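Notes follow once the structure below has been shown.
Coordinate-derived values only; no laboratory data. Source: prediction; values computed, not measured. All Cβ positions, even for glycine, are placed from backbone atoms using ideal geometry, and neighbour counts span all protein chains on display.
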């Protein structure tokens with residue numbers, strides 16, 4: 001028996017990024033193509049000192065010092081984004097039925113900032129100086145657990161971790177909880193704050209980070225012929241997803257629908273993508289089939305677009321092969337940098353806003369498009385585009401791919 005596509009309604013968005021501490025601020029920065037990469041004093045002395053840090057975010061101010069001091073920064077950001085998303089959706093945790101509300105968040109490193117800080121204490125000051133909160137602050141699952149506690153969401157609560165696909169994996173998984181009937185509402189997204197010496201030094205040693213020092217604003221340049229690596233970032237994004245009938249019953253505004261989800265594994269190299277993007281292609285085709293759409297129905301692709309030579313080439317080839325040259329393509333990482341496990345959630349949120357506003361953001365940093373990437377990539381200025389369906393691509397180390405199809409309500 002054939003079943004039609006399931007549309008999960010996005011009714012609320014909360015963003016905390018280097019481009020802004022609110023959804024409106026981040027969207028405005030992305031539309032204007034304002035790069036946020038800059039020298040990071042906390043990374044001074046490392047081979048790469050650039051980051052896209054959400055430097056204006058203050059956990060004490062956002063959550064209150066009594067709450068914030070018990071939480072790793074990635075969890076602080078997740079709660080701030082989650083609270084904002086719930087307000088944006090017009091929901092009140094005091095009124096909803098908590099057992100029917102889930103919290104699914106993605107991350108790559110979780111509370112590694114706390115872990116590195118406390119490990120330094122252990123080495124320099126001894127075991128007696130370690131915080132008793134080290135484990136609950138560092139555990140990867142805690143951002144979902146603490147968000148659930150903060151918002152009285154007593155349904156399924158866990159973290160997905162598929163490297164840089166984690167946020168998109170969380171959104172796709174949340175949609176499945178809604179489709180199964182297990183939840184009426186799911187708070188889905190991702191959070192990452194891993195701008196610490198061990199992570200940055202390791203990425204630099206692996207050759208993954210941009211070495212462009214002359215002008216930090218040009219360091220993150222997706223699909224540019226001179227791209228040389230990504231700029232590491234921190235961010236959090238939470239989407240309120242609802243069963244469509246639940247959203248309609250309360251008269252909720254819907255930004256967009258999550259109408260399809262596809263996932264796959266390259267089952268190849270641990271860090272390099274398949275050169276032809278074959279695993280990514282399987283995820284795209286699965287997402288389109290899930291949404292009951294054809295490649296011709298896709299007007300816009302929010303690309304993973306990391307600004308690394310191998311990823312951008314593989315993704316570009318895949319998009320051209322599967323979708324042809326007609327989709328209007330962009331990458332927000334020229335503005336936001338690469339927030340790893342949060343990136344897929346940030347970009348799902350931006351894709352939803354693109355559908356709502358019928359506008360494709362520009363790809364900041366793209367000056368000379370790589371001629372081997374034969375796509376219509378938006379550069380120089382954001383572009384009004386009439387669109388009904390868009391893809392949001394996310395790919396991660398381990399060859400893990402996650403693709404979302406978003407449609408206009």
Report summary line: Taking a crude spin-label model, label points 7 Å out from Cα along the C-beta direction, the residue 60 to residue 214 distance in nm is 4.2 nm
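Could you work out [θ]222 nm for the chain from helices alone, using -39500 (n - 2.57) per DSSP H run of at least four and dividing by all its residues? Round to the nearest 500 deg cm²/dmol. Intermediate results must be reported in sequence, preceding the final value.
Numbers: 14 runs with 142 residues, N = 409.
Calculated from helices alone, the mean residue ellipticity at 222 nm is -10000 deg cm²/dmol.
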Requested in this report: Using the number of other C-beta atoms within 10 angstrom as an exposure proxy, rank 194, 55, 29 with the fewest first.
Outcome: 55, 29, 194
Query raised in the report: Simple spin-label model, 7 Å along Cα-to-Cβ: residue 386 to residue 119 in nm?
Result: 5.5 nm
Requested in this report: Sort out for me the Cα centre separation of segment 151-205 from segment 264-310, rounded to whole Å.
Outcome: 19 Å
Requested in this report: Just round it to a whole percent: the fraction of Cα-Cα distances in segment 222-311 exceeding 23 Å.
Outcome: 47 percent
Query raised in the report: Taking 0.36 nm per intervening residue step and subtracting the Cα-Cα distance, what contour gain separates residue 135 from residue 182 on full extension?
Result: 13.9 nm
Query raised in the report: Can you pull the Rg over Rh of segment 341-387, Cα-only, Kirkwood?
Result: 1.01
Query raised in the report: Which value in nm describes the separation of the simple spin-label points at residue 197 and residue 358, placed 7 Å from the Cα toward the beta carbon?
Result: 5.3 nm
Query - Sites residue 154 and residue 69 - FRET efficiency at Förster radius 41 Å, r taken between beta-carbons, to 0.05 - result: 0.95
Report task. Determine by what factor the alpha-carbon radius of gyration of segment 233-272 differs from 2.2 N^0.38 Å, reporting the quotient. Result -> 1.87
Query raised in the report: Rounded to a whole number, what is D in µm²/s for the chain from Stokes-Einstein with the Kirkwood radius over alpha-carbon pairs (37 °C, 0.692 mPa s)?
Result: 159 µm²/s
Report summary line: Length gained if residue 269 through residue 326 is fully extended, taking 0.36 nm per residue and subtracting the Cα-Cα distance, is 17.5 nm
**Report entry** Listed peptides 174-187, 336-349, 375-388 by packing density, highest first (mean Cβ within 10 Å)
**Finding:** 336-349, 174-187, 375-388
Requested in this report: Provide, as a two-decimal number, the C-alpha radius of gyration of segment 1-126 over 2.2 N^0.38 Å, N being how many residues it has.
Outcome: 1.34
Requested in this report: Mind ranking 119-127, 39-47, 56-64, 283-291 by how tightly packed they are, going by the mean number of other C-beta atoms within 10 angstrom, highest first?
Outcome: 283-291, 56-64, 39-47, 119-127
Requested in this report: Rank the residues 257, 212 as a footprinting-exposure proxy: fewest other Cβ atoms within 10 Å of their Cβ go first.
Outcome: 212, 257
Requested in this report: Report, largest value first, the span of the C-alpha coordinates of segment 157-255 along each principal axis, in whole Å.
Outcome: 54, 25, 20
Query raised in the report: Scattering from the C-alpha atoms of segment 258-407 alone, worked out with Debye: what is log10 I(q)/I(0) at q = 0.10, 0.12, 0.17, 0.19 1/Å?
Result: -0.28, -0.41, -0.88, -1.14
Report summary line: Quotient of Cα radius of gyration and Kirkwood radius for segment 9-249, i.e. Rg/Rh, equals 0.99
Requested in this report: Take every DSSP beta bridge with both residues inside the chain and express the antiparallel ones as a percent of the total, to the nearest 5.
Outcome: 65 percent
Query raised in the report: How far is the Cα center of segment 1-56 from the Cα center of segment 348-409, in Å?
Result: 14 Å
Query raised in the report: Once the piece of chain linking residue 289 and residue 376 is laid out straight, how much longer is it, given 0.36 nm per residue of separation minus the C-alpha distance between them?
Result: 28.9 nm
Query raised in the report: Under 12 Å from the 7 Å Cα→Cβ point of residue 228, by amide nitrogen: which residues of segment 38-69?
Result: 48
